[in-house]
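Inspection log for the structure reproduced underneath, given as C-alpha cells.
The values are calculated or read from the model by the stated rules, or taken from the named source; none is laboratory data. Computed from a predicted structure; not experimentally measured. Neighbour counts run over all protein chains shown; Cβ positions are idealised from the backbone, glycine included. Accessible surface areas use protein heavy atoms only, side chains included; no ligands, DNA or RNA. Shrake-Rupley method; radii C 1.70, N 1.55, O 1.52, S 1.80 Å.
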Amino acid sequence: MMGPSHALSGAAVWLTGSWALDYFADYHQSPLALAVGTAVCAGGALFPDLDLSGKVTRNQGGATVARTFGVFSLFVAEVMEKISLGVYYATKLSRDPRRNNGHRTLTHTIPFTVLVGWGTTTLCTAYGKWAVVSILFFMIGLALRGLFDKWAERAGWVIVTLVSAAAAWFTFANLPGDRGYPMIGLAVGVGCFVHILGDMITKAGVPILWPIPIKRRMWTMIGLPNSIALRTGSKAEVVVLRTALTVLSVLAAVGLVAPSVLQRFNIEV
Ligand SMILES: [Zn+2]
C-alpha cells in the first residue's frame, strides 16, 4: 500500500471508531479532540514505514514518509532501519533468511505497536502539554505528507514542517491542560496497527506473529496469497480502496458532528 492509502485508512478507522464510541457507548469527544485523534492516527498509520531509509548524505530515496522533515527524518529512518536489522539478526532462527536491510521487520510487529502506543502515553503523562505538542508536530507532519501527498511534494518539506508546527501550536494553545491525554497514545498505536493490516493485504506480507517461532522461523511473513493480494499502486488500491475509505471517513465525521450542530439550532432529530 502507498502512503496516502495508509494515512487514509488510519483516519477512517479513528473516525469510525469514535463514531461507534459516541453512538453505542455515549463517549463524546470535542471537535478539536476528534481532529487531533484523526490526524495522529493518520500519522501513526505511516510511522512503521519510517524504517525505509534512503541516502542521508545525498538526501535521496527512502519512503515518502521518511522525507517528511527532509534530511532529519531521513536520518531517523536510517537509524530505525539499522535498529530493526539489528533486532532481526539478534532474534533470527536458523530458517529465517539473511537480510541486508531492516524494512518491514521490527516496526511491522504487534510488540512494536504496543511499545509505541505505551511510550507515547508515558511521555504525555510525564511531560504533559510539552510532550503533546512535540508528538503532535511530528504526527501532523506525517499525516500531511500522507493525506495531501501531491501538495506536500510541491510544497516541499520546509513548508510541511512549518504547517505542522503551526497546527501543533494551535492545538497546544486550545487543548485543555493537565490531563493524561491517553487518546494520543491510543491513536498512535491504532495507527501503527492499521498500517500493519494494510501491508498484510498487499503481496509482501508482514511478520505479524513475531516473536512467536514457527518451524524454526521467528520472522514468518504473513500476507494474503498472491492471487488475491492487492497490488501496490493498482486501480483497486488507488481508486476503489481510497474512495471507500474517504466515504467511510466523511460518513463517520458527519455522524459525529451533525447531532451537535442540529442541537445548536434546536432542530429535533
Ligand atoms: Zn509498511
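Of all residues in the stretch 183-192, at least one satisfies being in contact (Cβ under 8 Å) with a residue 60 or more places away in the chain, open to solvent by 80 Å² or more (accessible area, probe 1.4 Å) and in a helix (DSSP H, G or I).
Look at the stretch 3-37 and say how many of its residues are out of contact with any Cys (no Cβ under 8 Å at 6 or more places or on another chain) and either among the acidic types (D, E) or within 16 Å of the ligand (Cβ to nearest atom) (or both). The qualifying residues number 9. Residue under question is L115, and the condition is that it be within 16 Å of the ligand (Cβ to nearest atom) and either of a type outside the set (V, I, T) or at pLDDT below 85 (or both); does it hold? So L115 does not fit the description; no.
Among the residues of the stretch 222-241, those identified as open to solvent by less than 70 Å² (accessible area, probe 1.4 Å) and not polar (S, T, N, Q) are I222, G223, L224, A229, L230, G233, A236, E237, V238, L241.
Note on the stretch 155-182: among residues that are of a type in the set (G, A, S) and in a loop (DSSP other than H, G, I, E, B), the one that is farthest from Y88 (Cα to Cα) is G177.
Against the numbered list (1) open to solvent by less than 60 Å² (accessible area, probe 1.4 Å); (2) within 17 Å of L32 (Cα to Cα), V250 comes up short only at (1).
Which ones in the stretch 26-54 are over 18 Å from V76 (Cβ atoms), part of a loop (DSSP other than H, G, I, E, B) and polar (S, T, N, Q)? Across the stretch 26-54, the qualifying residues are Q29, S30. Of the numbered criteria (1) within 16 Å of the ligand (Cβ to nearest atom); (2) more than 21 Å from W118 (Cα to Cα); (3) of a type outside the set (A, V, I, L, M); (4) at pLDDT 90 or above, the one S164 fails is (1). For the stretch 210-220, the tally of residues that are hydrophobic (A, V, I, L, M, F, W, C), modelled with pLDDT of 90 or more and open to solvent by 40 Å² or more (accessible area, probe 1.4 Å) stands at 1. Here G70 clears all of (1) surrounded by fewer than 21 Cβ atoms within 10 Å (Cβ to Cβ); (2) at pLDDT below 90; (3) on the phi < 0 side of the Ramachandran plot except the condition numbered (3).
When R104 is tested against (1) within 16 Å of the ligand (Cβ to nearest atom); (2) among the basic types (K, R); (3) surrounded by fewer than 22 Cβ atoms within 10 Å (Cβ to Cβ), only condition (3) is not met. In contact (Cβ under 8 Å) with a residue 60 or more places away in the chain, open to solvent by 20 Å² or more (accessible area, probe 1.4 Å), on the phi < 0 side of the Ramachandran plot and not charged (D, E, K, R): does that describe G44? No, not satisfied.
Of note, A204 does not satisfy the criterion of being away from the ligand (no atom under 16 Å from the Cβ) and either over 18 Å from the mean Cα position of the chain (by Cα) or buried (at least 16 other Cβ atoms within 10 Å of the Cβ) (or both). Just to be sure before I move on: is F265 of a type in the set (F, W, Y), within 30 Å of G128 (Cβ to Cβ) and open to solvent by 30 Å² or more (accessible area, probe 1.4 Å) in the structure I sent? No: the conditions fail for F265. If you go through the stretch 111-146 and pick out every residue that is buried (at least 22 other Cβ atoms within 10 Å of the Cβ) and closer than 13 Å to V190 by Cβ, you end up with 4.
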